[in-house]
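Read the structure below first, then the notes.
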Amino acid sequence: MIRTHSLAALAASAALLLGGCTTTNNYNYPKDARAAPAASKAQAAGQAKNVILFIGDGMGISTVTAARIYAGQKQGQSGEEYVLPFETFDNVALVKTYNTDAQVADSAGTASAMHTGVKTRIGVLGYGPGVANGDCASGSGHELGLLGEEVKQRGLALGIVSTARLTHATPASVYARSVSRDWEGDTAIPEDQRGLGCTDIAQQLVAAPFDVALGGGSVAFFGKQNGGLRLDDGADLPADWAAATGGNFVTTAADLAAAPADAPLLGLFSPSHMTYMVERGDQSSEPTLTEMTATAVTRLADDPDGFYLMVEGGRIDHGHHDGQAGYALEEAVEFARAIQWAIDNTDPAETLIMVTADHSHVFTIAGYPRRGNDILGLVVPPEGWGEDGDPADAPMLAADGKPYTTLGYGNGPGALKPAVANGRPIPETGIGAHQQAAIPTGSETHGGEDVALYANGPGAENVRGVMEQNLIYDVIRKAFGWDTE
C-alpha cells in the first residue's frame, strides 16, 4: 500500500546490557538513570502515552541472528541460544523496505516512510515521490506531514537520538524535508540550487521544536572559525538555537550528565558520526547510545502529555558498509543495551516500544559451522561433517582449497584485500577483520529483503504479518489514538 498526503492534511559501555536467556541480568546502567515518573494524565484504554521507535540502521535479520550469537559468546555461552531483549516481544512482523523508485532502499526513503506514512524516492526526506532528487523547485506541492511536527502540535515531547550525524538520513526524517539527503549543511547544496527556497538539514534541526536531540555531526552547524563547514565562517547554529529557545548545548558525556533538566537539550558529540564502540578508549568523552537513550527517556518522561522518541543505532550500518562485521555487531550489542534500558525504565502499560531496521545488508551466515563456533572466525564443521581424513578441528575448505569465514558479504571491501599466509590468500578473522565478500566494491551495499519489526506495549497488536514500511507510521498514530479523530 502506497499512499500520498500533504502537510495540510495534518491537524496540527564493558558489561553487556542485554536480555539474555538466563534469569540473572548483569546490567550496568548509566549512574544518573532513573525510572520514568508515573503518568499524570489518564490514558484511553489501549492507547499509548509514549512511543519509542528504535531503528537499527541496516540491522537485517541476518544481523540480528549474528548479534545474538556474538552477544552470547561474549557472555561465555555458545551463542545460538541467547536472547536479545526485543526478541521477547510477542508481536513481530516482516516489513517491506523498497522505495518507490528502488528495489533496494536507502535510509532516507525508508525512514521517511516511517515518519510520514508515505513511501518515497531513494535519497529523499519528507517529500512525496513526485520530486526529482536534488531539484529544489520540484519539492513544491509535494511536502509531507512529519510525525515529529504532529507530535509537537499535539503537545507531546519530542526526542531524537542517534550515533550517526543528527543531520544524517534516519534522524533527519523526524524533523526535516529535503529533496537530497546529502544537503546536511549549506555548503552541501549545489550552487545552482541555493537561493531557491530549500534549507539545509542542520538549519532545519535548530528550527525544529524538539525537546532532546543527541548525536554526532557538529561540522554542519558551525562555520570555519568554529571548526565547521558552513558558508558563513562565523556561523554558530547551536548558540543561535540556545539563545532562541533557552536550551542547553552540550558536547561531552560529562556535560550531558550535568545539563539542567528544565530546558531543551541539544548534544553534538563528534564532528561527524560518533566513534565506533570498538574504537573508543576508556577516556572517550562521547556518551554511549545507552547513556543518550537514558537521558532522553528520563527528560521526555517529565512531560505529562507523553512523548515520542526515535533512537537510531546508526553505526551498525556503517560497520557493514566497511565490510567489518565485528564493528557492526558491537554496535548492535550497544543498540540492544539501549533497548534493554528502555524496557526496564518505562511502563509497558503506557509505552509502546518498537524495534526495527530501515533496510538490510548483503550480509550472510554461511557454511556449516559447528554449534558455538566463533561467529567472527572461520567455518569449523561439526565433528564428522568434514572430509574424510580432515583433522577434527580443521576449518572447512572451499572448492579453491581455502578456508572461509562464517560471516560474509555479497559485495564489499573484503573481496579486495585478502591476507596472505604461506603464499596462500586466507580470509581475515576477528573484531577488526574485513569479512570475505564475493563482489569487489569499495563499500558494501544494502540488501533488499524484508526486515523484522518487534513491538511491545499499547498498540503492539497492530504489528503482525507482512507490512509495508510506511504502515509503521499508522501503527504509531493508532497507538496514540490519533487515527480516530
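The values are calculated or read from the model by the stated rules, or taken from the named source; none is laboratory data. Bear in mind the structure is a predicted one, so any value in this text is a computation, not a measurement. Neighbour counts are summed over all protein chains in view; Cβ atoms, including those assigned to glycine, are modelled from backbone coordinates with ideal geometry.
Contact map, the range 328-341: first residue farther than 22 Å from Ser443 by Cβ, second residue among the β-branched types (Val, Ile, Thr) and in a helix (DSSP H, G or I), Cβ cut-off under 6 Å, separation 6 or more or different chains; pairs are Arg337/Thr290; Ala338/Thr290; Ala338/Thr293; Trp341/Thr290; Trp341/Thr293. Within the range 454-467, residues that are at negative phi sit with their Cβ atoms under 9 Å from residues that are among the charged types (D, E, K, R) and outside any loop (DSSP other than H, G, I, E, B), at 6+ positions apart or across chains, in these pairs: Tyr454/Glu87; Ala455/Glu461; Asn462/Asp474; Asn462/Lys478; Val466/Lys96; Met467/Lys96.
Of the residues making up the range 109-138, those that are crowded, with 22+ Cβ neighbours inside 10 Å and either of a type in the set (Asp, Glu) or farther than 22 Å from Asp57 by Cβ (or both) are Gly128, Val131, Cys136. When residues in the range 119-145 are screened for being under 20 Å from Tyr473 (Cα atoms), more than 22 Å from the chain's Cα centre (by Cα) and not in a loop (DSSP other than H, G, I, E, B), 1 of them pass.
Residues in the range 58-106 that are charged (D, E, K, R), farther than 17 Å from Gln469 by Cβ and buried (at least 16 other Cβ atoms within 10 Å of the Cβ): Arg68, Lys74, Glu87.
For Ala336, state whether it is at pLDDT 95 or above and buried (at least 23 other Cβ atoms within 10 Å of the Cβ).
Yes, satisfied.
The residues of the range 194-246 that are of a type outside the set (S, T, N, Q), in a loop (DSSP other than H, G, I, E, B) and farther than 21 Å from Thr163 by Cα, listed by number, are Arg194, Gly195, Leu196, Gly197, Cys198, Leu231, Asp232, Asp233, Gly234, Ala235, Gly246. Within the range 232-260, residues that are at pLDDT 95 or above reach partners that are of a type in the set (Gly, Ala, Ser) and assigned to a helix (DSSP H, G or I) with beta carbons closer than 7 Å, at six or more positions or on different chains, in the pairs Leu237/Ala202; Asn248/Ala242; Phe249/Ala242. Taken over the range 149-193, residues that are surrounded by fewer than 24 Cβ atoms within 10 Å (Cβ to Cβ) and in a helix (DSSP H, G or I) amount to 10. In the set (1) at pLDDT 95 or above; (2) outside any loop (DSSP other than H, G, I, E, B), the condition left unmet by Gly414 is number (1). Of the residues Asp322, Asp344, Asp358, the single one that is touching a Ser or Thr at 6+ places or on another chain (Cβ under 7 Å) and of a type in the set (Asp, Glu) is Asp358. Of all residues in the range 97-118, none satisfies the criterion of being farther than 17 Å from Thr445 by Cα, under 17 Å from the mean Cα position of the chain (by Cα) and either part of a loop (DSSP other than H, G, I, E, B) or of a type in the set (D, E, K, R) (or both).
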